[in-house]
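Peer 1: Before we start, here is the structure in question, set down as structure tokens.
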Amino acid sequence: MERHMGARLLGGFQKFARTVVRASGHPMAFSLAITVILIWVLTGPWFHFGNTWLLVIDTVANIITFLMIFLIRNAQNRESEAVQLKLDELIRATQSAHNALLDIEELSVAELGQIKARFERLAQKAREESGAGQPELVSQPASPKPKHTNL
């Protein structure tokens, strides 16, 4: 029961976050923000441009910014995870790809550096062998290479 309730709350939050993030990126949201700012500016003389008048916009902006950070981060995490899963499936499905790269995002910075250096050497070698800079390299699809499992 507790796990089901937690999953429902998480699902509800994710749906809410997705809706807010999409709505906040809409041109109407920008128009609404501009309208609020114009109303605030126009009410300035009525409040004699006092500290309360300044505090209202500052407080509202800080609260909205604080909450939006979490909502946007949640959406980015989900999108990043989805892209990673799609890339993992492409790596898995491509015969000549290195399956050892499936969980590459879990490696340390040093391990990533070693793999990057290896791929840079492979790219440099391929450019040297093919005479890099030739226009036909852009239009020709790469031929599949034999699968190498050692990185």
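Peer 1: Filter the chymotrypsin sites (Phe, Trp or Tyr not before Pro) in segment 1-87 down to the DSSP loop ones having no more than 14 other Cβ atoms within 10 Å, then list what survives.
Peer 2: Here the chymotrypsin sites (Phe, Trp or Tyr not before Pro) that fit, given the DSSP loop and packing criteria, are TRP46, PHE47, PHE49.
Peer 1: Something else now. Under the 0.36 nm per residue contour assumption, what length would be gained going from the current alpha-carbon distance of HIS98 and PHE49 to full extension? Before the final figure, lay out the partial values.
Peer 2: Values: separation 49, 0.36 × 49 = 17.64 nm, distance 6.38 nm.
Extra length from HIS98 to PHE49 when fully extended: 11.3 nm.
Peer 1: Same structure, new question: On full extension of the chain, what length is gained from GLU105 through GLN76, given 0.36 nm per residue of separation minus the C-alpha to C-alpha distance?
Peer 2: Extending this stretch completely gives an extra 8.9 nm.
Peer 1: Take MET28, MET68 and order them by how many other Cβ atoms sit within 10 Å, fewest up front.
Peer 2: Values: MET28 8, MET68 14.
Exposure proxy ranking, most exposed first: MET28, MET68.
Peer 1: Could you compute the FRET efficiency for LEU87 and LEU67, with r as their C-beta to C-beta distance and R0 at 22 Å, rounded to 0.05?
Peer 2: Using R0 = 22 Å, I get an efficiency of 0.10.
Peer 1: Taking neighbour Cβ counts within 10 Å as the exposure measure, how do ILE37, ILE72 sort from fewest upward?
Peer 2: Ranked by crowding around the Cβ, least crowded first: ILE37, ILE72.
Every read-out reported here was derived from the displayed coordinates using simple, explicitly stated rules and does not represent laboratory data. Since the model is a prediction, treat every value here as computed from it, not as a measurement. Cβ atoms come from the backbone with ideal geometry, glycine included; neighbour counts cover every protein chain shown.
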